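Bear in mind that the values in this text are calculations on the coordinates, not laboratory data. Just so it is clear, the structure is predicted and the values come from calculations on it, not from any experiment. Virtual Cβ from ideal backbone geometry, glycine too; neighbours counted across all protein chains shown.
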Amino acid sequence: MTMDETEILKEFSPEQIVKLNEIIKKHKGKPGGLIPVLEEAQVSLEYLPMSVQKKIARELNLPLSRVYGVVTFYSFFTMTPRGKYTVRVCLGTACYVRGGKAISETVEKELGINEGETTPDRMFTLETIRCLGACGLGPVVVVNEDVHGRVKSSKVREILSQYK
Amino acid sequence: MSTVKLTIDNRQVEVKVGATILEAARSVGIKIPTLCAWTEINHTPGACRVCMTEVEGQRGLIAACVFPVSDGMVVHTNTEKVRMARKMVVELLLANHPQECNYCVRNGNCELQKVAEFVGLKEVRFDYTQFPKEGMIDHSSPSIVRDSRKCIECHRCVAVCEQIQTVSVLTPAHRGSKVKVVPAFDLPLIESNCIACGQCILACPVGALYEKDDVDLVWKALQDPTKHVIVQEAPAIRAALGEEFDMPPGSLVTGKMIAALRRLGFDKVFDTNFTADLTIIEEGNELLKRVKEGGTLPMITSCSPGWIKFCEHFYPDLLDHLSTCKSPQQMFGALAKTYYAELSGIDPKDIVSVSIMPCTAKKFEAQRPEMNSSGFRDVDYVLTTRELGRMIKEGGIDFVNLPDEDYDAPMGEYTGAGTIFGATGGVMEAALRTVYAVVTGKDLPSLDITPVRGLEGVKEATVKVGPLGDVKIAVAHGLGNARKLMDKIREGKADYAFIEIMCCPGGCIAGGGEPIPTNNEIRVLRSAALYKDDGKVQKKRQSHENESVKKLYDKFLKEPLGHKSHQLLHTHYEKRGTEVPHKKNA
Ligand code: SF4
Ligand code: SF4
Ligand code: SF4
Ligand code: FES
Ligand code: FES
């Protein structure tokens, strides 16, 4: 087993690795195989860390730099796992002027992570967005499908606690 | 060949089918500014838009570098609309660029500056981007510095690294305003598989990629009265240094180079060509030994450190094919602090050994931990041709009008065989001359082995060497070409006895430390200068005729491949592989 495979095993189950191998096998040797492999791997592994990108590069016989270039170019791919809940804080103009920035800072403090990161227990991923089209409700925080309007900093903890 | 007729700026132009507007315009001397296009390696991403032209019947402006011509096409390259649009493009580029021309390594030789001048830019109406102080400049490599702030995203470096060198270190990554050229996972260069060849530096139109500058360290050594500072210059320097002083490419400036080094304060001016001759004796004997004793064949030359690192990463299973000979630079270093120290009675700890190289990978090589067989760092500092040019300017020396001077004895003497090391095929030619003489006791019927010369990517030849019979050899330059030979060896299909591989396309005369621009036309001229030195200037053309090398063996080394040679002149390699270090979520 290569160093990478030991790394992969730290993060994924043997079943997921079997699945990854199947995905690679399906597209190997076909021109333009990289993007479909990455897409299917993203769907079944949920994120594409370094170890997975290295394995894909090696098995498709492509430069690692190219794999990394593609993964970072398309927003569909992520290198870190997503949490069970995605918290999106709106920083569009309307929400921003009504204190959106303070809300996003409070959420960061509450969860102990920065924008784009996931909590170590994989419960929450934090993102910011620009205008949801619900400006009248600003500042707006969305957790998965739930829209929370007129959020105050003091209410952030209460909102998040609904998702434990 | 079928052609296309079109009109550019009211002039009739006829070019071959498939040519771009840019090519058509150039063919009649109409200039169009370019930045991202690098036609010599077919890199035309059409990204920068400074080459815009107007084509009748087409909506919007057309990028000349990618748009193919067609019959009857009418092109305008200098309308008001075109000129305004080009200005705007350059203005936007400059607004997002550090305002550092005065102290930028490319000041005066920067394509962005030239394009700004071309389009007649007089002001930048936008706010300049403020760049963070930290994190934008990668100083991790001993050879190459990357300054992302100055990058204009032309991807010429990516193209040369991937298509010509097939190392594929660099990639465009991220999206939107965060787009950046980086190694995989944004790792520092030192942690990537970068082989330090510096071809990306030659590709870069601006100061976003450049050599790690060691000029100040050398000035410091020269100022130190307790140090005895000696210098060696690679063959390729003398064929290119003049370009740093606006002399025409191909000027052979050996005498001026030596004079300049003396004026800078070096105590002794020696020559890497001396150890190039020595390399031929050691390597020639190693080849004969392998042939006689059934050692690993084909044997491959080992003087190009970028090539060595490439082999260590990508062909670790074939390292036994590499000659164990150190490169001439490192042979020189090991002898400087042993043989020369003994001869001159100077304590090796007081000797500072400097080398002037066409190559950024030589900086890396000099730092390899095993390169200390004298008991000290064998080579202390490596400067590229460009750095030496800057030093000579800083030293106030009127290079062009210097008199010719001669090297110092004993490590300055060399033959024409040593000189041609700097061009692709040169090591092979030099080795064959000596191997032939050693085996047959006679000189080759003609010392010019022309099939190994020139810019063809892979060259092959067969030479009759007396009782050895037909010796089949091959030469490759540029790592994409090297791969072709290495894959053949891996498949067991290479029936050569000896292979020369040079990392850089054209050999050392086009190394990553050579003057900018370096292109095929200039490669040919610089090589011609070396062949002129070999054919017309040097009286001796065979390494085994070098008297100082003979004396070195008599007095010090005793015999080729002997005990002392093994200790000082030979080395071993490291299986590096292609794995980059594993960091979580880098
Ligand atoms: S890269 Fe060119 S434009 Fe940019 S700072 Fe250097 S000289 Fe000036
Ligand atoms: S120095 Fe050579 S290997 Fe390294 S990034 Fe530049 S072109 Fe690629
Ligand atoms: S580093 Fe230089 S060659 Fe590479 S993309 Fe940037 S500007 Fe172009
Ligand atoms: S700005 Fe937040 S919803 Fe429109
Ligand atoms: S040179 Fe034509 S788009 Fe850059």
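Taking amide hydrogens as placed 1.01 Å from N in the peptide plane, the amide H of residue A:48 sits under 5 Å from those of A:78, A:79, A:80, each at least 5 positions away in sequence or on another chain. Counting neighbouring Cβ atoms within 10 Å and putting the fewest first, the residues B:27, B:565 line up as B:27, B:565.
Rounded to two decimal places and with Rh computed the Kirkwood way over Cα pairs, what is Rg over Rh for the range B:447-586? List each step's numbers first, then the result.
On the way: Rg = 19.3 Å, Rh = 18.7 Å.
Radius of gyration over Kirkwood radius for the range B:447-586 works out to 1.03.
With the crude spin-label approximation of a point 7 Å out along Cα→Cβ, what separation in nm comes out for residue B:42 versus residue B:554? Each label point lies 7 Å from its Cα, and together they span 5.7 nm.
Projecting the alpha carbon convex hull of the protein assembly as shown along each direction and taking the average yields 39.2 nm². Taken one residue at a time, the phi angles of the range B:397-405 give Karplus couplings (6.51, -1.76, 1.60, θ = phi - 60°) of 9, 7, 3, 4, 9, 5, x, 7, 10 Hz. Gly and Pro are set to x.
Arranged by the count of other C-beta atoms within 10 angstrom, fewest first, what order do B:343, B:432 take? Write down the numbers at each step before the final one.
Details: B:343 16, B:432 24.
Ordered from fewest to most neighbouring Cβ atoms within 10 Å, B:343, B:432 come out as B:343, B:432.
May I ask what percent, to the nearest 5, of DSSP beta bridges between residues of chain A are antiparallel? Walk me through the intermediate numbers first.
On the way: 7 of 13 bridges.
Looking only at bridges with both residues in chain A, the antiparallel portion is about 55 percent.
Dipole check for the range A:3-73: with +1 at the C-beta of Lys and Arg, -1 at the C-beta of Asp and Glu, and the Cα centre as origin, the magnitude is about 340 Debye.
DSSP beta bridges fully contained in chain B are about 55 percent antiparallel. Entry note, the range A:3-73: relative contact order of 33 percent, from Cα contacts under 8 Å with a spacing of 6+ residues.
Residues whose amide H lies under 5 Å from that of residue A:85, counting only those 5 or more places away or on a different chain, are A:124, A:125; hydrogens are built 1.01 Å from N in the peptide plane.
Sequentially through the range B:147-160, phi angles give Karplus couplings (6.51, -1.76, 1.60; θ = phi - 60°) of 10, 5, 4, 8, 5, 9, 6, 7, 6, 5, 5, 4, 5, 5 Hz, Gly and Pro residues having no value and appearing as x. Separation of the range B:317-351 from the range A:48-99 is 49 Å, based on Cα centroids. Report the calculated FRET efficiency for residue A:97 and residue A:129 (r = Cβ-Cβ distance, R0 = 22 Å), to the nearest 0.05. For residue A:97 and residue A:129, the calculated efficiency is 0.90.
Extending 7 Å from Cα along the Cβ direction at residue B:17 and again at residue B:460 yields two label points whose distance is 3.3 nm.
Expressed as a rounded percentage, what relative contact order does chain B have, with Cα pairs under 8 Å and six or more residues apart? Can you show the working numbers first?
Numbers: 1146 pairs, mean separation 89.4, N = 586.
Value for chain B: 15 percent.
Counting DSSP beta bridges in the range A:85-161, what percent are antiparallel, to the nearest 5? Numbers along the way, then the final one.
Values: 7 of 13 bridges.
DSSP beta bridges in the range A:85-161 are roughly 55 percent antiparallel.
Counting charges near residue B:39 (Lys, Arg +1; Asp, Glu -1) among other residues having Cβ under 10 Å from its Cβ returns a value of -1. Where q = 0.07, 0.11 Å⁻¹, what log10 of I(q)/I(0) comes from the Debye formula for chain B, counting one point per Cα? Log10 of I(q)/I(0), two decimals: -0.44, -1.04.
For the protein assembly as shown, what does -39500 (n - 2.57) per DSSP helix run (n ≥ 4), summed and divided by total residues, give at 222 nm, in deg cm²/dmol to the nearest 500? Walk me through the intermediate numbers first.
Values: 27 runs with 255 residues, N = 750.
It comes out at -10000 deg cm²/dmol, rounded to the nearest 500.
When the listed pairs B:349/B:551; B:292/B:472; B:292/B:550; B:292/B:564; B:472/B:575 are checked against a 20 Å cut-off, the alpha-carbon distance exceeds it for B:349/B:551; B:292/B:550; B:292/B:564; B:472/B:575.
Just A:42, A:53, A:16 to compare: in a GNM of chain A, with alpha carbon springs under 10 Å, which one fluctuates most? In this elastic network of chain A, the residue with the biggest mean-square fluctuation among A:42, A:53, A:16 is A:16.
With a sphere of radius 11 Å drawn around the Cβ of residue B:406, what net charge do the other residues whose Cβ falls strictly inside it have (Lys, Arg +1; Asp, Glu -1)? Walk me through the numbers before you get to the answer.
Values: positive: B:262; negative: B:271, B:404, B:405, B:408, B:413.
Local charge sum for residue B:406: -4.
Relative contact order of the range B:166-235, taken over Cα pairs closer than 8 Å and 6 or more residues apart, is 18 percent.
As an exercise, use a Förster radius of 22 Å and the Cβ-Cβ distance of residue B:133 and residue B:95 to find the FRET efficiency, rounded to the nearest 0.05. Spell out each step's value before the answer.
Working: r = 19 Å, r/R0 = 0.88.
My answer for the efficiency is 0.70.
Let me know the mean shielding of A:56-66 by other chains, meaning the per-residue number of their Cβ atoms within 10 Å of its Cβ.
Per residue, the average neighbour count from other chains is 5.
Net charge of the neighbourhood of residue B:390, taken over other residues with C-beta under 10 Å away and scored Lys/Arg +1, Asp/Glu -1, is -2.
Going by neighbour counts of Cβ atoms within 10 Å, the residues B:307, B:38 line up, fewest first, as B:38, B:307.
Note on the range B:62-89 and the range B:410-464: Cα centroid distance 49 Å, given to the nearest whole angstrom.
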